[in-house]
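The values are calculated or read from the model by the stated rules, or taken from the named source; none is laboratory data. Note that the structure is predicted; figures quoted are calculated from it, not measured. Cβ: placed from backbone, ideal geometry, glycine included. Neighbour counts: every protein chain shown.
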Amino acid sequence: MIFRMKKQIADESGFTLIELMVVVIILGILAGLVVPRIMERPGEAKQTKAKIQIEGLETALKLYKLDTGRYPDTEQGLEALVQMPDTGIVPKKWREGGYLEKGKLPLDPWGNPFVYLSPGANGDTDIISYGADGVPGGEGEDRDINSWELE
């Protein structure tokens, strides 16, 4: 009787080859559906990162304005956030160490500098990333990311 129970338990443990094949096929189907969707995400992630960077630059510009009474002009550019301007109207109360945490101006996620206009056409300042192609306009990943269009 004990021998039969041990044999019965031994016979029921493990997977058959057919069960393993079914699992492998299901995993293959799932991978075929999921992988293409994941591969589309890097472009979307870069666009999100650019939006976050623009928001950070806008915050730094507001701090600059609080200290100096005005935004840097287009000629001074975003560089005024990391180095005291020596052209145009030179601020009297520029914050020692600058206005960006790491002390250097970031590039957009595609390695291009942000475009800065002050006064801007759409507000006090405009900050633009031209997307993956680095030129104005475009669709998809090449689409421009503009400070005045952020939510």
Inset, instruction - Take Glu101 and decide whether it is at pLDDT below 90, part of a loop (DSSP other than H, G, I, E, B) and over 20 Å from Glu75 (Cα atoms). - result: yes
Inset, instruction - State the number of residues belonging to the range 109-132 that are without any contact (Cβ under 8 Å) to a residue 60 or more places away in the chain, crowded, with 16+ Cβ neighbours inside 10 Å and assigned to a loop (DSSP other than H, G, I, E, B). - result: 4
Legend entry - In the range 48-77, residue surrounded by the most Cβ atoms within 10 Å (Cβ to Cβ) [restricted to those that are of a type in the set (Lys, Arg) and either touching a His at 6+ places or on another chain (Cβ under 7 Å) or within 20 Å of Asn112 (Cα to Cα) (or both)]: Lys51
Legend entry - Conditions (1) buried (at least 17 other Cβ atoms within 10 Å of the Cβ); (2) of a type in the set (Gly, Ala, Ser); (3) free of Cβ contacts under 8 Å to residues at least 24 places away in the same chain; (4) in contact with an Asp or Glu (Cβ under 6 Å, 6 or more places away or on another chain): number failed by Ala80: (4)
